[in-house]
Amino acid sequence: MAVRTDTPKTRGAAPPTPWLTQALPRLRGLEPTRSYGYGGELLHDDGRAGMEAYGARVADLAIRLGEALLSYGASAEEAVAGMLVTAETYGLSYCEPSVTLASVSLSAHAPGELTPLHASRVIRKHATDFRTLGDIHSLVDGISARQLSLDEARAATARILDAPPPAGGGRWGVLRAPVQTGFVAAGAAVVFGGSPLTSLFSFVAGFLGALLSGWLGRHGVPAFYRYAVASMPAAALALAVSGTAPPFAVQAIVVAGVLGLLPTVTFVSAVQDALTGHYLTGIGRFLDALLVFAAVITGVVVVLGMGDLYGLGVPIVPIVPAATRADHLGAPAVGAVVFAVAVAARARTPRRDWVPAALLGLTGFVVSVEFRALGFSSLVGTALVAAVVGGAGHWVARRRRESALPLVVPGIAPLLPGGALYAALSALASGRTTVGVGGMVYVAAVTLALAVGVGLSGEVGQLVRRVRCGVAVSGARHRG
């Protein structure tokens, strides 16, 4: 049977409405249920034979794209929207996509078929890979613009998801992530006022932690134990130099060595999923982030606690000492740029996004320093700065028609609460459990403020776009 899809290729035409903006009214219950059937009659049935097989191929494509979006860091709503747009573009009707942290599923009808199609896929691995996420985002953009036939879209998906590892593997392939994590730690050390020597020790701590974590991961060790081991080199190096280095430098090594391990992307995505009604996925991601957080705490506390038993404990002093704006905006500002770019590189962000990520990280750091100088509350100031960084990141991503995560996540990295984290870890290691738990609650609250600020900026951007689209449609009807 011949299946004809009237989806003209519109290369060079004006860009259509972004696919996520198209799908949000449907996903958030703003459209009546009767409109959920497929409208547009783009797919014509030239006979019943083969339509079920065609629908199965469409469902498989939608499922693969939804799995890729979710597993590489996109929000649950974005994954559902990608599946919905893909399935309906290629002719399926009454599409009901659904995701959890561990699986994606789709129920839909092929044209002329009474029995619904059901497809599902289990997600066994999550990774932060913004390059692949951007490729999938662009592919769904092309699908929603009807620039690709079904066969072309399936072939493009296979090229993206089934491609072999890039050239240049071997020893460098194993060391790439540890080296990038080392630069993350080195940049973080400078942000918190560390000297070049402190930055070097932090690089070594981050490198060793990531190297051990990667080796354990290749042997199937669960994430909790990997992150607990990855956090130990920073605490061990800090104790090793505690007799000769100033207390502030020792603490900077600990903070810088573990900041890159914190599950920032997972926490931001968890808050976004919860705020948009995907509670199961949000809870799953939150528990995943909490487990990693607990592992980092365990590793550092074990090492610092053992050091305290042998008289190697380090005194607690403010991690960000009182200083003038000029002091904060000198070397620490350079460290914020290095920190943001290193986070972007480790997350496989395309290089064209490194400069915007660096500018966002620097902007967020400078604004946070100004807010702190003006006496803003840490929680309020952090949320406001995250909203500013998130808004700028979403604006750039909107102009480039790509996901905002590769820009926003590196941009908010310099805002992580390093000082409060170290104070809480030290309190737990020295047996002051109440103080340590209270400090961890504060760290979690600041991280939550970051996530809420980023989510708020994205929602404001979507609201503005929906209002503008509504005004444009009303104007066109009035002129007609």
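A short reminder: the numbers here are calculations on the coordinates, not readings from a lab. Being a predicted model, the structure only gives us computed values, none of them experimental. Ideal geometry is used to build each Cβ from the backbone, glycine not excepted, and the neighbour counts take in all protein chains shown.
Rounding to the nearest 20 debye, state how big the charge dipole of the range 66-211 is about its Cα centre with +1 on each Lys and Arg Cβ and -1 on each Asp and Glu Cβ.
Magnitude of the dipole: close to 680 debye.
Please state, as a whole number in µm²/s, the translational diffusion coefficient that the Stokes-Einstein equation yields for the range 172-465 at 20 °C and 1.002 mPa s, with Rh defined as the Kirkwood radius across alpha carbon pairs.
The diffusion coefficient I find is 113 µm²/s.
Please rank 434, 266, fewest neighbouring Cβ atoms within 10 Å first, as an exposure proxy.
The most exposed by this proxy come first: 434, 266.
Dipole magnitude of the range 172-465 about its Cα centre, charges +1 at Lys/Arg Cβ and -1 at Asp/Glu Cβ only, in debye to the nearest 20?
Rounded to the nearest 20 debye, it is 740 debye.
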